[in-house]
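Presented below is the structure to which this report refers.
The values are calculated or read from the model by the stated rules, or taken from the named source; none is laboratory data. Computed from a prediction, not measured in an experiment: that's the story for all the values here. Neighbour counts are summed over all protein chains in view; Cβ atoms, including those assigned to glycine, are modelled from backbone coordinates with ideal geometry.
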Amino acid sequence: MTDAVELVPLDEDSYYQDPMGFFARLRESRPVTPVRMPDYGRTWIITRYADARAALTDPRLANKVRHWPGGGRSFPNEAAGVHALLNTDPPEHTRLRPLVQKAFTPRRAGQLRPRTKEIATGLLDEMVARGDVVDLLDGYARPLPITVICELLGIPVADRGWIWATVTDYGKGGEELQRVPRELAAYFTGLIAAKRAEPGNDLLSALVLAHDNADEDGAEAALTTVELLSAAYHLVMAGFDTTVNLIASGTLALLTHPGEMARLRQDPSLLPAAVEELLRFANPVNHVTARFTTEDLPIGDVVIPAGEQVLIAISSANRDPAQFPDPNCLDLGRDTSGHVAFGHGIHYCLGAPLARMEAEVALGALFARFPEISLAVPPQELRWRPVSLMNGLESLPVRLALTRQ
């Protein structure tokens, strides 16, 4: 039955460079429809806000591949012995989430703010030394989040360059999808052993101690050995790329909307609201990771059959005019409540408090240090990474206007 449904044609390069345009066309004509997506193959796409928000909380859409009717599916990281919290369902997810969530509370994010400011200041100093034109992505947007997450986990300074390069390689797809999880799993296995031998004042040491103490007491471990390894792996993977995209794409959005940039400069107290609008408008993530229908699922006027792969386009939902008037307009004063940039429901992004804090610090420090910053190339020359899940730039050349300071 489903094989007879016409797939929406998709030109991969056009999709990568303008996913918002592709999703907008679907939102108008076929809001729930099967397509052949890059990196995912044949899958159903949900593009309207009301449908997406409902789907994000529907238990008939499962994340665990063993719940997919027919089974026999796996993710690349599972071969390396790591399992993502995103790929679990209740009751397993219900047990694991509170244990991992301790890393990303608003209180912990607040504690990291002073150090994040120091890191941002250091990176901005380094950019000055590079000259007037720099790649903001390589010089600032990438190193800031990975440094913060490495410090949170207690990853040695000497290893951070390798961590940065390895996590970045994962976004290239292909063979990297197999190599990166394997190498990171091996690295964190060794790091966990080192933290066990010599604990530090960091999150990974705390998780290791909780695991070991529970074993000694004869109680159920806070996290199993596999879950402990998986937590370290995914705290790095999930805590990096999305924030990189938010900082870079958020900067681009403001540089190409000078009126809103001036508004923020005149009233810096708008920064938290600006971050929320940039999350909605710039959308660091195109769609959530794949889910699977465990039974026939009515969405809008369509029934998605059981056993189908489904992608919920949260970026499209955030541009739905039925929810956000004039959605393609950047408006730092708009009501952004209800945006789904971090998802919705039980899989709401654990790292949301940390990402918000990092974006506020990064953007605030950048525009305070370089008040005349501008794009160094026409916007149409910028290219977006050929990755379906993430909405991220390949580079962001900017002119710091050092001679005007």
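A compact table of results
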read-out	value
Filtered residues of the stretch 224-268 (kept if touching a strand residue (DSSP E or B) at 6+ places or on another chain (Cβ under 9 Å), surrounded by fewer than 22 Cβ atoms within 10 Å (Cβ to Cβ) and among the β-branched types (Val, Ile, Thr))	Thr256
Residue in the stretch 163-173 that is over 19 Å from the mean Cα position of the chain (by Cα), surrounded by fewer than 19 Cβ atoms within 10 Å (Cβ to Cβ) and on the phi < 0 side of the Ramachandran plot present	no
Complete set of residues in the stretch 296-348 that are farther than 18 Å from Asn286 by Cα, of a type in the set (Val, Ile, Thr) and touching a helix residue (DSSP H, G or I) at 6+ places or on another chain (Cβ under 8 Å)	Ile299, Ile346
One residue from Thr189, Thr147, Thr166 being at pLDDT 90 or above and under 17 Å from His234 (Cβ atoms)	Thr189
First in the stretch 83-105 and modelled with pLDDT of 75 or more, second anywhere and among the acidic types (Asp, Glu), Cβ under 7 Å, 6 or more apart	Leu96/Glu227
Selection count, the stretch 375-405, where residues are of a type outside the set (S, T, N, Q), over 27 Å from Ser316 (Cα atoms) and assigned to a helix (DSSP H, G or I)	2
Residue in the stretch 298-321 that is more than 30 Å from Gly41 (Cα to Cα), small (Gly, Ala, Ser) and either out of contact with any Phe, Trp or Tyr (no Cβ under 6 Å at 6 or more places or on another chain) or part of a helix (DSSP H, G or I) (or both) present	no
Scope the stretch 146-203; condition part of a helix (DSSP H, G or I) and polar (S, T, N, Q); matching residues	Thr147, Thr166, Thr168, Gln178, Thr189
Those residues of the stretch 351-374 which are under 15 Å from Met127 (Cβ atoms) and part of a helix (DSSP H, G or I), in sequence order	Ala362, Leu363, Ala365, Leu366, Phe367, Ala368, Arg369
Conditions (1) part of a helix (DSSP H, G or I); (2) farther than 29 Å from Ala206 by Cβ; number of the one not met by Phe292	(1)
